[in-house]
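Only one structure is covered here, and it is reproduced in the block below.
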Protein chains: 2
Amino acid sequence: MRTGHRLLALAGALAVPLAVSAQDEQPAADTAKSAYTLPGDIREQAVELRDSAAENSRAFETVTSLTTEVGNRLAGSAGDRAAVAWALLKLRELGFDNVRAEKVNVPHWVRGNLDAEIAAPFPQHLVATSLGGSIGTTEEGIEAPVIMADNMAALKDMDPDDVGDKIVFIADPMQRTRDGSGYGKAVMKRVNGAAEAARLGARAVVIRSVGTGNSRIAHTGITIYNPEVRRIPAIAISNPDADMLQRQLATGHDVTVRIASTARYLPPAESANVIGEIPGSDDDAGMVLLAAHLDSWDVGTGAIDDGAGVAIVTEAARLVGEMHGKPKRTIRVVLFANEEFGLSGAKAYAKAHADEIGDHVLAMEADFGAGRVWRLGSNVPEDQLPRVAAFARLLEPLGVERGENGSEGGADIGPLNAKGVPVLAPVQDGTHYFDWHHTIDDTPDKIDPAALNQNVAVYATLAYLAANLDEDFGRVPEHAEEPGFGPGSKQEDEDEEKASDGN
Amino acid sequence: MRTGHRLLALAGALAVPLAVSAQDEQPAADTAKSAYTLPGDIREQAVELRDSAAENSRAFETVTSLTTEVGNRLAGSAGDRAAVAWALLKLRELGFDNVRAEKVNVPHWVRGNLDAEIAAPFPQHLVATSLGGSIGTTEEGIEAPVIMADNMAALKDMDPDDVGDKIVFIADPMQRTRDGSGYGKAVMKRVNGAAEAARLGARAVVIRSVGTGNSRIAHTGITIYNPEVRRIPAIAISNPDADMLQRQLATGHDVTVRIASTARYLPPAESANVIGEIPGSDDDAGMVLLAAHLDSWDVGTGAIDDGAGVAIVTEAARLVGEMHGKPKRTIRVVLFANEEFGLSGAKAYAKAHADEIGDHVLAMEADFGAGRVWRLGSNVPEDQLPRVAAFARLLEPLGVERGENGSEGGADIGPLNAKGVPVLAPVQDGTHYFDWHHTIDDTPDKIDPAALNQNVAVYATLAYLAANLDEDFGRVPEHAEEPGFGPGSKQEDEDEEKASDGN
């Protein structure tokens, strides 16, 4: 996955299932089909665990508890603090050991209020939301003519004389796919649209929501400014509102949009990675890490992103802990702080645990909703492929096929993978994920409890196997950690206090 | 339909397809199966019209024009005035004759701003909207404990000692059905919930949205106070928010909700019924009336409710006018003012045209979205049933079956039907209608242009037949007009200026 592609470098902040991007570049897993047979007793236990978890787990109870008692929990917010408190209590209640919060410094951006409307030729209110990290406007707002770019490529080709002092509207819609690949294509306008439009002299950028829903609900998510170009406000409008704006532009009249926003940064805040363990019987055998992120965007209740992940990994570990006898290796659950707004928790964990990276035998993350797992990706050494193939065969009754060996496994465990930790990457069905994620619609009614249990069964089975097989998984080649471009990065930390008026 | 059921009396304000409620009470249409054969030339023309309209019409263009250039248009609003201007221009542009606006006095309620949240035990923002006609609150709002009623029946049985000074939450969800029958069951809490809760001493009422969508979008619609009980604020919360509130209540903690609203009445305003005609060749043959309503709720763009109806009846009449030779009878299109908030336009039309009611040979209305027509209801004299059966057979290739003879045809033509005018009632597929109607999501992307054309084909075929057959349709028995309980009624006109603080 060491490509120079900026999207991949940003993957942490984007939560794209990375296995997808790698499909075309990686050797198929079945090139290494030499036989591996699971030890009979372990196989038997794993099958029993798999089948009972798929039938019944507490995962849905956990995600409804988090969304009901905490709700949304953007880094630095009151909800973020409440989530840390919730997680400490919940992990203890579920029987985890060594439950603790490890401090993480996080940026603290607030959305404030946003009013957006088409002012002319036909006045209409716009359902809109600020992009994460966007600056606001002055009180009177920005009112300017709109110029449309079909997509980012078209924007890059535009003449600054045409764009200057206008509001740029980037119009391309996202395609619905099972593997989420439509997201990678559509999201660049959210990440880089403001920077690019600002370079051309625009006063603000309006993007069509990077989402597949046809509800009049706008999708947020991080936007990343270019430190060398002044910042401009960046907002997303819902798909039906984007259609409306395009129809008004198609009338041939000049179209004017007005935006007034109080989005802004507050001083950085403290959050925490919350950790709990199912202790292993062999202190020298290392540990298996299961990851999800505890934070969410500030607009929904963080049910599919990533309350579901929190529930899946927590429940998977708990179920292994419920089995007869301790696992050989410790299973460590880490609920990471601030994935959405700069991967602060992932970076802090990798730093704080630098001395014990070698003890991480394997890592897995759940951060793509609650759709059924349909593929098992990985990033393990070549000689481990027969073992992963055997794992995948064990998951076949759950509808899981073997995928590629080209995954980084997820945003929060990326830094561990970069330091050589092998990863397994169950890939969830993302057909409907982008209808809801990063919106007010991220609520637990969007989760099918049976599909959630299937996820638990997959993660529990893999965690059990990884924790109990005698041999570990070796190491993957280390590689330089991607620098990250989110607000958690150094450049952004310096920038975020700068005054800006958005005009 | 002369039942004493309050729901039916209110039907105008509710836009329930009335044929549905009447199903069980009316004789089946096939009890009168004596043969009727359409004259060959008329049948031939009708088939040609049917098939060409189904293939191609301007209806989708019309509804996107209305939603794009006007948007929402609640009675009395600036959008309402813009809609009247739009309709006059559009009918002239489409070639109608005698295009005119007939003045209608309308109430003018404004939604203002609404903030609603669960304040305790677990603070969460609520996606909510005021019900139409609701009073607002004082600036500081209302904060009170919540008591839940499973439904209206449960509320009626409650003890005032339990309800007093609380906020009542009415929780029952609406069932999805093709014929819209779930609406009639669920909507009574919206119409009467505030009056009933106020009678028991509540400070405000919160209802689960009367809609089938799982988006975090709240449904509005009229609420009707009891003139003998003080008014209390009435709001709806989205289905996922209602789930959330129920989950918090289920924790056993006391739940407190806060509501602050600036909803209020402004002085009554002027609007208009907009009328256009396709003149007939025989001045003495009477006319066929096609109806839709021009107003909409103030939250979406009024695409399915009732921009689609405007487009369907306008296009149906235009296509008849495009045929070789004038129709025998005049086809009059009436785009009614203020259906949603008290049927002002329907009442004004019936009054202003009292002298020519006898000239209305037949009336049809389109006000149930843009789903395919699947049934042809009617309210015609018994001896006309063979003719309607012949019409229905002609529509079979469009997927239309013959329905019952128990319809009033729709809210806006109800007063005409009450005075003896026969009606035909094409029934549209309402499976998804209640996902979107009365919400911000009522936008033209929810309309399938092919289904809209099928509607046009049905209405055009029926209008052509009704306008060209030699014999008229007789008269149905006159009946007393239902008094109406909306803000357009006299009692409400007197009440609406009263000061009220909502506390």
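The values are calculated or read from the model by the stated rules, or taken from the named source; none is laboratory data. As the structure is a prediction and not an experimental result, all values here were calculated from the model. So basically every Cβ, Gly included, is an ideal-geometry build from the backbone, and we count neighbours across all protein chains shown.
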Where the second residue is among the charged types (D, E, K, R) and assigned to a helix (DSSP H, G or I) and the first is assigned by TED's automatic domain parsing to the domain that holds A:VAL310 and lies in the range A:59-72, which pairs have Cβ atoms under 6 Å and are six or more apart or on separate chains? A:ALA59/A:GLU315; A:THR68/B:ARG247
How many residues does the range A:102-138 contain that are within 21 Å of A:TYR225 (Cβ to Cβ) and of a type in the set (Lys, Arg)? 1
Sort through A:VAL421, A:VAL458 and tell me the only one that's outside the structural domain of A:THR129 (by TED's automatic domain parsing) and within 20 Å of A:GLY321 (Cα to Cα). A:VAL458
Of the conditions (1) within 14 Å of another protein chain (Cβ to nearest Cβ); (2) touching a Gly at 6+ places or on another chain (Cβ under 7 Å), A:PRO449 satisfies every one except a single condition; which number is it? (2)
Exactly one of (1) buried (at least 24 other Cβ atoms within 10 Å of the Cβ); (2) under 15 Å from A:ILE142 (Cα atoms); (3) more than 26 Å from the chain's Cα centre (by Cα); (4) of a type outside the set (Gly, Ala, Ser) is unmet by A:MET244. Its number? (2)
Output for the range A:274-313, where each listed residue is surrounded by fewer than 24 Cβ atoms within 10 Å (Cβ to Cβ) and in a strand (DSSP E or B): A:ILE275, A:GLU277, A:MET287
Exactly one of B:ILE147, B:ILE118 is surrounded by 15 or more Cβ atoms within 10 Å (Cβ to Cβ), in contact with a Phe, Trp or Tyr (Cβ under 8 Å, 6 or more places away or on another chain) and in a strand (DSSP E or B), and that one is B:ILE147
Counting only residues in the range B:218-244 that are at the interface with chain A (Cβ under 10 Å from one of its Cβ atoms) and out of contact with any Pro (no Cβ under 9 Å at 6 or more places or on another chain), the one farthest from B:TYR433 (Cα to Cα) is identified as B:ASP241
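This table checks each residue for (1) over 24 Å from A:TYR433 (Cα atoms); (2) buried (at least 20 other Cβ atoms within 10 Å of the Cβ).
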site: A:GLU322; (1), (2): yes, no
site: A:ALA363; (1), (2): no, yes
site: A:GLN384; (1), (2): yes, yes
site: A:VAL388; (1), (2): yes, yes
site: A:VAL400; (1), (2): no, yes
site: A:GLY403; (1), (2): no, yes
Scan of the range A:48-104 for residues that are hydroxyl-bearing (Ser, Thr, Tyr), within 13 Å of chain B (Cβ to nearest Cβ) and either under 20 Å from the mean Cα position of the chain (by Cα) or over 18 Å from A:GLY307 (Cβ atoms) (or both), ordered by number: A:THR64, A:THR67, A:SER77
Please go through (1) over 28 Å from the mean Cα position of the chain (by Cα); (2) touching a residue at least 60 places away in the same chain (Cβ under 8 Å) for A:ILE147 and return the number of the only condition it doesn't satisfy. (2)
Quick check: is even one residue across the range B:291-310 within 14 Å of another protein chain (Cβ to nearest Cβ), at positive phi and under 18 Å from the mean Cα position of the chain (by Cα)? yes
What's the total number of residues in the range B:239-262 that are in contact with a Phe, Trp or Tyr (Cβ under 7 Å, 6 or more places away or on another chain) and among the hydrophobic types (A, V, I, L, M, F, W, C)? 1
When the range A:314-346 is examined, which residues are found to be assigned to a loop (DSSP other than H, G, I, E, B) and over 20 Å from the mean Cα position of the chain (by Cα)? A:GLU322, A:MET323, A:HIS324, A:GLY325, A:LYS326, A:PRO327, A:LYS328, A:ARG329
For the list (1) touching a Ser or Thr at 6+ places or on another chain (Cβ under 8 Å); (2) modelled with pLDDT under 95, I need the number of the one condition that B:ASP435 fails. (2)
Hey, A:GLY79 hits all of (1) modelled with pLDDT of 95 or more; (2) farther than 30 Å from A:LYS189 by Cβ but one; which does it fall short on? (2)
Hey, could you check the range A:250-273 for residues that are more than 21 Å from A:SER77 (Cα to Cα) and surrounded by 18 or more Cβ atoms within 10 Å (Cβ to Cβ) and say which is nearest to the other protein chains (Cβ to nearest Cβ)? A:VAL255
One residue from B:THR138, B:THR129, B:THR68 being farther than 30 Å from B:GLN246 by Cβ and of a type in the set (Val, Ile, Thr): B:THR68
Do you know which residues across the range B:96-115 are under 23 Å from B:HIS353 (Cβ atoms) and not in a strand (DSSP E or B)? B:PHE96
